[in-house]
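Engineer: What follows is a structure written as structure tokens; I'll ask about it next.
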């Protein structure tokens, strides 16, 4: 009982070093980050191994890897340290330049691809010590529940109707187009009717389980229609490479469709009037309304959308920086 009462001799400093070691998997890098000597960090690691009764980190060839217990500890210690940081970092004194918060955002795939490179670039300049964790809104991820419980700081959504129990503001809207192979029988620029559109074979970045929160499915549902999704993929950026030689169609922002069709292997069709525009909005929970940190995050996202051409196809260098 005495060991439990003093937390087994663990301090917040120990937990921070443990978190860094399990993330970096390098004593030298952690020592450099903290401005400490390698022997000092190594001594802390030895003590942590004794406390946990496990090596936590072991050598495998030229690199260090986590043990099974190390992986389990890593998941918990990250949450613990972030929780302490948020408790100790007064919202009234929040400063992005010094904050070490983990920023958690769920962004619709079709907007994440465009927004994220700008967001990473901006945070690197104004909040260099913050961590950024990105998620795609899915039914399985429990986005709304997670948001209410503080799991997410913001959601960028494109559902036809924003959830009523969350606050939201409009961010941007995008004209849509239907991208197909250049050999598709319909001529480029053809205006589709709703009936023609739903008869196409579609590729979607939403899984079959998540089609109910897809903006296209939502808009079609208003008209009592549904489309046939024959391929679902997790990576938005590879979809244009799947179209050549098929009769598949991919619904995407018009500007992206024009970009993808430049080499002549693809062409785009004009969407039905009823499906011509997709709206994006920013969502957050009521309890975050007055938080200085959350206000800063929302304003940062809004400013990026307002000041930068976030619907333009990202440059290759920006995409590489994101990966």
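Engineer: Please pick out the residue among 65, 41 that is touching a residue at least 24 places away in the same chain (Cβ under 8 Å), within 15 Å of residue 25 (Cα to Cα), within 27 Å of the chain's Cα centre (by Cα) and surrounded by 10 or more Cβ atoms within 10 Å (Cβ to Cβ).
Structural biologist: Testing whether each residue is touching a residue at least 24 places away in the same chain (Cβ under 8 Å), within 15 Å of residue 25 (Cα to Cα), within 27 Å of the chain's Cα centre (by Cα) and surrounded by 10 or more Cβ atoms within 10 Å (Cβ to Cβ) leaves just 65.
Engineer: Tell me the strands (runs of 3 or more DSSP E) entirely within region 211-303 that contain at least 2 residues that are surrounded by fewer than 18 Cβ atoms within 10 Å (Cβ to Cβ) and touching a residue at least 24 places away in the same chain (Cβ under 8 Å).
Structural biologist: 228-232, 277-284
Engineer: Got at least one residue in region 231-242 being touching a helix residue (DSSP H, G or I) at 6+ places or on another chain (Cβ under 9 Å), modelled with pLDDT of 90 or more and farther than 27 Å from residue 156 by Cβ?
Structural biologist: no
Engineer: Still on this structure: Would you confirm whether any residue within region 75-88 is touching a strand residue (DSSP E or B) at 6+ places or on another chain (Cβ under 6 Å), surrounded by fewer than 19 Cβ atoms within 10 Å (Cβ to Cβ) and modelled with pLDDT under 90?
Structural biologist: yes
Engineer: I've got another one for you. Limited to region 304-313, what total is found for residues that are part of a helix (DSSP H, G or I) and either surrounded by fewer than 16 Cβ atoms within 10 Å (Cβ to Cβ) or on the phi > 0 side of the Ramachandran plot (or both)?
Structural biologist: Number satisfying all stated conditions: 2.
Engineer: A follow-up question, please. Which numbered condition trips up residue 116, out of (1) more than 16 Å from residue 299 (Cβ to Cβ); (2) part of a strand (DSSP E or B); (3) in contact (Cβ under 8 Å) with a residue 60 or more places away in the chain?
Structural biologist: Only one criterion is unmet by residue 116, namely (2).
The values are calculated or read from the model by the stated rules, or taken from the named source; none is laboratory data. Model, not experiment: these values are computed from the prediction. Virtual Cβ from ideal backbone geometry, glycine too; neighbours counted across all protein chains shown.
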